[in-house]
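This report refers to the structure that appears directly beneath it.
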Amino acid sequence: MEQPFVRIGQGPILTRRDLPFTANAVFNPGVAEMDGEVVLLLRIEDRQGLSHVRVARSSNGVDAWKIADEPILQPDQPDQPYEEWGCEDARVTQIGDREWLIAYCAFSRYGPAVALATTTDFVSAKRLGIVLPPTNKDATVFPEQVEGNWILLHRPVTGGGEHIWYARSETDFFHWCEHGILMSEGGGPWWDGLKIGCGVPPIKTEHGWLLIFHGVKDMAGNPIYRLGLALLDLEDPRKVLFRSSECVFSPETEYETSGLIPNVVYTCGALLRGDQVWMYYGAADTVIALAIANIKELLTFVEEYDFISRIGRRKGMVG
């Protein structure tokens with residue numbers, strides 16, 4: 001079948017030229033909906049090379065973005081030494097009627113770490129601090145509890161590999177336990193052979209939790225970032241039902257293959273709007289673009305191209 005995601009518009013929906021200040025790039029946004037608006041949490045790399053997170057709002061989720069005057073998460077704060085070099089790649093999970101959890105990468109001389117914050121208005125955020133130490137990133141939290149537990153997905157560097165792990169928290173977002181590997185990188189020449197990491201917060205469907213994740217392949221020293229799909233069990237999200245043997249979205253356009261980091265499509269946020277998944281993604285670590293797919297086509301894709309049924313379980317893989 002054809003790849004289900006369709007790019008919207010003739011190019012990026014947000015570039016650094018849309019910002020009311022100078023910057024190197026704008027990319028990898030988290031996303032939420034609030035009061036009839038689409039809210040993006042933009043990763044913006046400033047002219048120093050440091051990244052901060054700033055909010056943009058749009059009534060239609062495509063254009064006419066209103067950019068906040070100040071960042072919601074900003075590095076180099078005296079009381080936040082583990083964020084001195086950047087706040088990066090925010091992923092947003094709604095955890096109450098008017099409360100959202102932001103999982104992001106806190107970057108410093110000590111390495112990337114998983115940090116959490118909460119917000120009720122996307123104007124200001126309350127930091128919870130570092131919850132998983134370096135080297136770790138690509139964290140996201142499921143949008144509802146499973147058997148009374150919050151489930152966190154994250155990507156530590158372990159044993160020289162970069163795989164997707166899980167953890168649970170019973171009562172709060174500070175203490176995480178029962179860590180384990182959800183999915184491992186593919187190894188060898190696979191499209192996700194070098195490393196994998198979480199994309200958007202898992203999307204609940206009647207068939208399971210749909211996970212969009214990124215995979216990286218090394219091509220003669222040049223990494224290529226593509227996106228794949230997995231379906232997790234509704235009752236036990238640590239169980240992988242299907243995982244696509246093929247990527248579902250690849251860098252193809254000029255703005256995806258050329259930029260600060262060429263050949264990258266990388267997502268931190270998507271909205272389920274009716275039967276459509278609106279996926280906001282960073283292209284070439286330089287701009288933001290939008291692609292839309294029908295949820296049923298995504299579920300069909302992950303089952304049809306499931307690596308277990310098509311080619312057998314890859315050696316050493318979990319899930």
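Label region 241-308 by shape, choosing from rounded, prolate and oblate, from the square roots a ≥ b ≥ c of the eigenvalues of the Cα gyration tensor; if a/c is under 1.5 it is rounded, and otherwise prolate applies when a/b is larger than b/c, oblate when it is not. Cα axes put region 241-308 in the oblate bin.
Highest-first packing order for the peptide set 25-31, 83-89 is 25-31, 83-89, based on the mean count of other beta carbon atoms within 10 Å.
Summary of packing: across the peptides 128-134, 49-55, the per-residue average of other C-beta atoms within 10 Å ranks them, highest first, as 49-55, 128-134. Packing here is the average count of other Cβ atoms within 10 Å per residue, and on that basis the peptides 168-180, 93-105, 252-264, highest first, run 93-105, 252-264, 168-180. Please state the shape class of region 41-124: rounded when a/c is under 1.5, otherwise prolate if a/b exceeds b/c and oblate if not, all from the C-alpha gyration tensor. Since a/c reaches 1.5 but b/c is at least a/b, the shape of region 41-124 is classed as oblate. For a straight C-alpha distance cut-off of 14 angstrom, the aspartates and glutamates reachable from K126 (same-chain residues fewer than eight places away being disregarded) are D79, E99. Placing unit charges on each Cβ (+1 for Lys and Arg, -1 for Asp and Glu) gives the chain a dipole about its Cα centre, and among L128, G197, G274 the Cα reaching farthest toward its positive end belongs to G197.
With a simple spin-label model that places each label point 7 Å from the Cα along the Cα-to-Cβ direction, the separation between Q48 and D76 comes to 0.1 nm. Footprinting exposure proxy ranking of V146, V114, fewest other C-beta atoms within 10 angstrom first, gives V146, V114.
Here is the tail figure for region 183-277: Cα pairs spaced more than 22 Å apart come to 31 percent of all pairs. Of the residues R109, R43, the one with the fewest other Cβ atoms within 10 Å heads the list, and the complete ranking is R109, R43. In summary, the lysines within cross-link reach of K195, defined as a Cα separation below 16 angstrom excluding same-chain residues under 8 places away, comprise K137, K217, K315.
Remark: the chain carries a charge dipole of roughly 600 debye about the Cα centre, counting +1 on each Lys and Arg Cβ and -1 on each Asp and Glu Cβ. Assuming a ≥ b ≥ c are the square roots of the Cα gyration tensor eigenvalues, decide whether region 91-246 counts as rounded (a/c under 1.5), prolate (otherwise, with a/b larger than b/c) or oblate. Oblate, since a/c reaches 1.5 and b/c is not below a/b.
Rule-based calculations on the coordinates, nothing more; no lab input. Being a predicted model, the structure only gives us computed values, none of them experimental. Neighbour counts are summed over all protein chains in view; Cβ atoms, including those assigned to glycine, are modelled from backbone coordinates with ideal geometry.
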